[in-house]
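The values are calculated or read from the model by the stated rules, or taken from the named source; none is laboratory data. Source: prediction; values computed, not measured. Cβ atoms come from the backbone with ideal geometry, glycine included; neighbour counts cover every protein chain shown. Areas reflect the complete protein model, heavy atoms only, side chains present, ligands, DNA and RNA absent. Shrake-Rupley method; radii C 1.70, N 1.55, O 1.52, S 1.80 Å.
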Amino acid sequence: DSSAQYDDESLVAAVLVFITTILAGNITVILRTLRKDHVASLTATNQMIIIMFSFFLIFATGRELTTPSYEDRLLVLAVATGSLIYAVLQTLALKLEDANQISLVDNSGGIIVAFLLQIFFSGDVPGWLTGLGAGLVGMAVVMCKIKKIFVNHCRTPLQK
């Protein structure tokens with residue numbers, strides 16, 4: 001069906017994604033500011049707050065908590081492990097690089113990986129316009145890195 005169907009949950013999902021985008025930008029800048037703190041304390045604090053807030057949202061929205069099957073438990077464990085590794089690596093990256101560069105690579109890399117996973121796991125190939133948009137995003141990341149290399153290479157030794 002080519003016509004999209006929207007309901008209340010679609011609207012809630014869109015609002016939550018918008019709020020998440022705003023908060024993710026703030027988190028990136030805050031983590032960059034706290035780069036002198038140890039990565040373990042930053043990651044542990046981040047994960048504890050996520051757990052508390054998740055349970056608050058689950059109970060506040062009245063979502064039912066069910067016991068998942070063993071396969072679903074393994075998937076939840078895989079998501080949790082991936083999330084923890086992501087948080088640690090992002091915190092380490094923010095200790096080394098500017099927040100805007102990390103955010104650009106993180107978001108654009110997420111788009112490209114999501115496309116690849118969508119193609120490989122669900123067999124859903126995006127249209128040419130979507131592919132063009134992903135290509136432009138990838139090209140923007142490459143151009144930013146080329147600019148950074150060029151600016152750092154052209155500085156005199158006194159400016160470095």
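Determine the gain in length on full extension of the stretch T81-T67; use 0.36 nm per residue of separation and subtract their C-alpha separation, reporting nm with one decimal.
Gain on extension, T81 to T67, equals 3.1 nm.
Cross-link partners among aspartates and glutamates for K95, C-alpha distance below 19 Å, same-chain residues fewer than 8 apart left out?
D37, D106
Let a ≥ b ≥ c be the square roots of the eigenvalues of the Cα gyration tensor of segment 53-139; is it rounded (a/c under 1.5), or, if not, prolate (a/b larger than b/c) or oblate?
Taking the square roots of the gyration eigenvalues as a ≥ b ≥ c, segment 53-139 is oblate.
Between I51, I102, I85, where does the largest GNM mean-square fluctuation fall for the chain, given springs only between Cα atoms within less than 10 Å?
Largest GNM mean-square fluctuation: I51.
Taking segment 21-64, which trypsin sites (Lys or Arg not before Pro) meet the DSSP loop condition and have no more than 10 other C-beta atoms within 10 Å?
Counting only loop positions with at most 10 other Cβ atoms within 10 Å, the trypsin sites (Lys or Arg not before Pro) in segment 21-64 are K36, R63.
Just tell me which aspartates and glutamates come within less than 14 Å, Cα to Cα, of K148; anything on the same chain fewer than 8 places away is out.
E97, D98
What nm distance separates the two modelled labels at H153 and L116, each placed 7 Å from Cα along Cα→Cβ?
Once both label points are built, they end up 2.6 nm from each other.
Excluding ligands, DNA and RNA, what is the solvent-accessible area per residue of the chain at a probe of 1.4 Å, expressed in Å²?
Accessible area per residue: 80 Å².
Please give me, ordered by residue number, the trypsin sites (Lys or Arg not before Pro) of segment 108-156 that lie in loop per DSSP and have at most 13 other Cβ atoms within 10 Å.
Hits after loop and neighbour filter: R155.
How much of L84 can a 1.4 Å solvent probe reach, expressed as accessible area in Å² and rounded to 10?
Accessible surface of L84 is approximately 80 Å².
Kindly provide the Kirkwood hydrodynamic radius of segment 1-71 in Å, to one decimal, from all pairs of distinct alpha carbon atoms.
It works out to 15.4 Å.
Kindly sort T43, T81 by accessible area of their heavy atoms, largest first, with the probe set to 1.4 Å.
T81, T43
Counting only protein heavy atoms and a 1.4 Å probe, tell me what percentage of segment 1-99's accessible area is made up of carbon and sulfur.
Its accessible area is 70 percent carbon and sulfur atoms.
Across every pair of different alpha-carbon atoms, what Kirkwood hydrodynamic radius in Å does the chain reach?
19.2
Could you identify which residue out of A60, A78, A87 has the top mean-square fluctuation in a GNM of the chain using Cα springs shorter than 10 Å?
Fluctuation is largest for A60.
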